[in-house]
Amino acid sequence: MRATTSTIAQASRRATASRSAGRLSLPAQSASVGPSRCLHIGTSRSSTASSSLLAQQSSCTKSLAQPRFAIGIRGHATSSSTPIEEVEPIPAISEENTYDVVIIGGANAGLAFACALLSQPTIAKTTRILLLEGASLDRTRSWSGKGDWENRVSSLTAENVAWLDSIGVWKHIEQDRSCPVDEMVIWANPSESSTPTIHFPPLGRPMARMTENLNLQRALLRRIEEVGKGVVTIKENSKVAEMRLGEGGRWVGLRIGDAWLRGSLVVGADGPNSPVRHFSKIESYGHAYQTHAVVCTLNHFASSLYPNTTAFQRFLPTGPLAFLPLSGEASTMVWSTSPENAAALKRLAPEALVGMVNAGFTLPESTLMALVEKMLEADRQGVPLTSDQISSLIATLPSPPLSTDQPILPPNVTSIPAKSIASFPLRLTHADVYLGPRTALVGDAAHTIHPLAGQGLNMGLADVKSLSEVLERARALGGDLGSQTSLADYPRERYPLNHLMLSTTDKLHYIFRARGGLVNWIRGTGLDVINELGPIKKILMGGAGAGTLGVGGGKRTDEQREFGRANATDELPPIGGWPMTAAKGVEGWFALKGVMGMVGSVVKEGAKMGVGKAASLIAKK
């Protein structure tokens, strides 16, 4: 990972370390009883923060003024200044306001964690759980599953869909608003003669499902209301004004208005600017990508050749452009590009943006970059290009012939709803540790990732699943749910896997953005070889959502290798060249040596941390 030189082993060791306690105070009147020590944290804002009690909901759900807290930015990590002042001690807290687990944040991660806890038999019978949300959940409850598509859509891997089904959540999903992804096509064409492509073919089951965030959140909320009575209490419009470690470090006190409550364990599911992380004095490292993601809903005609269940992603010099299916006639777009490009795209009229999106998938790279420059010139003059001007430029700009090896392209976009157009900045962050004094971090509070792999939500769901299982084991043994000893297995399991995904995605971002003769050749031939390697593709598909389904089975047929036909029985052109030769040789070598030896030698540091896990998974298969 670019932001750190630590090895995976060092990262894993850090994951089990603890931090000293602190207090987070927001501008509000404290109770008046007697003096104690506290920390005050200054002010900062973020446009990417998700739902929380201390850092308010982002544009993906609710939008409220943020309370005051700060992230001190430095080149490698984030930290906070902590001046000391005298405050009053925490007053006595009643049993009614005493909980075993307090979850801060009522979006995807927080609601999913509550459902995960309810699925654990010992926890469900013996534990009091409180979920605090700073805004109202009425919009989530009342979401009808009808009308316009939401512009915040996530990819749920097959593994996470199966898990959500196993804990009783998936039955509450509006199925008509969840689209299967049966295959994926990833390509770039940095030169006229080259279109390196990776195709993840159908598996006989969806490798992922595109689902609106509100659809998932409503399903999670319905499950809590279905089985959580007497176990999970939800307090909405409840903003935590103060957090303090209680007497002897045995609990955490939280002040909401003038009332105090306490929890043995406080779980931060409160987004990338997590106040729980700041209270715990946990630093995070990472970097901004100088990239914004433009999102919107794409309307198009249904294809007569194939169903709209293919995800497309084209890598451009400024970042990836993704076309992700929602239904037969609608898809969602994520265009990661420079902040200037993103701002110019958003200022286009919706019909003009349609022209740019279609150009983004179809034009040769050199022509597209020339068109983008024309768009920027017009935007700087305060007169955004019109749809007719974009069409005229496409017809007149120099356009070299495309290679004959073009992938199938997504459907032509016909319209874009204006209110679906939005953007947000992208960052990579990873908390130094996941555990603090009586606290734990999950989801975006622990890590944020580039969306090119569609893994942000999936990593968060894997976090809450793991933490719920760790707490179940501790409770079954009579352990203290908030102790470092009881929680230690959570970072041991999740930190290395999250670090691997963050590191791999970060490297892919920079590799695919780079342009140059040698870089283009290495990247192109590498993609060609990977596209012919069933074992490596299956490992990559595990990250993309399809799972590692074994590595044996012999050489694949032409039908399994090639993408680009209207029908599977159509005649295929001859496949040749040294990439095919290399692929055949490597597949034979796999039969003798096994997949992990190959991965370990190729991926180096990033794979070091994943080798043991992958080997274990493969052995189980």
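The values are calculated or read from the model by the stated rules, or taken from the named source; none is laboratory data. Note that the coordinates shown come from a computational prediction; the quantities given were computed from them, not determined experimentally. Glycine also receives a Cβ, built like all others from the backbone with ideal geometry; neighbour counts cover every protein chain displayed. We work out accessible area using only protein heavy atoms, side chains counted, and drop any ligands, DNA or RNA first. Shrake-Rupley method; radii C 1.70, N 1.55, O 1.52, S 1.80 Å.
Only protein atoms count toward the accessible area here, which uses a 1.4 Å probe; on the range 222-342, the carbon and sulfur part of that area reaches 50 percent. Given LYS125/LYS229; LYS229/LYS465; LYS146/LYS239; LYS171/LYS465; LYS171/LYS229, which pairs have Cα atoms separated by over 23 Å? In this structure, LYS146/LYS239 lie more than 23 Å apart at Cα. In a fully extended conformation the segment linking ALA288 and LYS171 would gain 38.3 nm over its present Cα-Cα distance, using 0.36 nm per residue. Near the amide H of TRP143, within less than 5 Å, lie no amide hydrogens of residues on another chain or at least 5 residues away, with H placed in the peptide plane. 3J(HN,Hα) along the range 297-306, derived from phi through the Karplus expression 6.51 cos²θ - 1.76 cosθ + 1.60 where θ = phi - 60°, amounts to 8, 10, 9, 7, 7, 5, 6, 8, 9, 7 Hz, with x in place of Gly and Pro.
The string of couplings for the range 426-434 from the Karplus curve (6.51, -1.76, 1.60, θ = phi - 60°) is 10, 9, 10, 9, 8, 5, 4, 9, 9 Hz, one whole number per residue in order, with x for Gly and Pro.
Protection proxy ranking, highest mean first, for peptides 279-287, 380-388, 362-370: 279-287, 362-370, 380-388, where packing is the per-residue count of other beta-carbon atoms within 10 Å, averaged.
Treating r as the C-beta distance of THR414 and VAL227 and R0 as 45 Å, the FRET efficiency rounds to 0.55. Residues ASP432, ASP176 ordered from highest to lowest accessible area at a 1.4 Å probe: ASP176, ASP432. Taking 0.36 nm per residue of separation and subtracting the current Cα-Cα distance, fully stretching the chain between GLU373 and ASN237 would add 44.4 nm.
Direction-averaged shadow area of the convex hull around the Cα atoms of the range 349-479, nm²? One quarter of the hull surface, i.e. the mean projection, equals 13.5 nm². Computed from phi, the 3J(HN,Hα) profile of the range 363-380 under the Karplus parametrisation 6.51, -1.76, 1.60 (θ = phi - 60°) reads 6, x, 4, 5, 5, 4, 5, 5, 5, 4, 5, 4, 4, 5, 4, 5, 5, 5 Hz, with x in place of Gly and Pro. Separation of the range 346-372 and the range 153-178, taken as the distance between their Cα centroids, equals 34 angstrom. Surface listing: GLU469, GLU247, GLU329, GLU159 arranged by accessible area from highest to lowest gives GLU247, GLU329, GLU159, GLU469, probe 1.4 Å.
For the range 415-507, the C-alpha radius of gyration sits at 1.32 times the compact-globule guess of 2.2 N^0.38 Å, with N the residue count.
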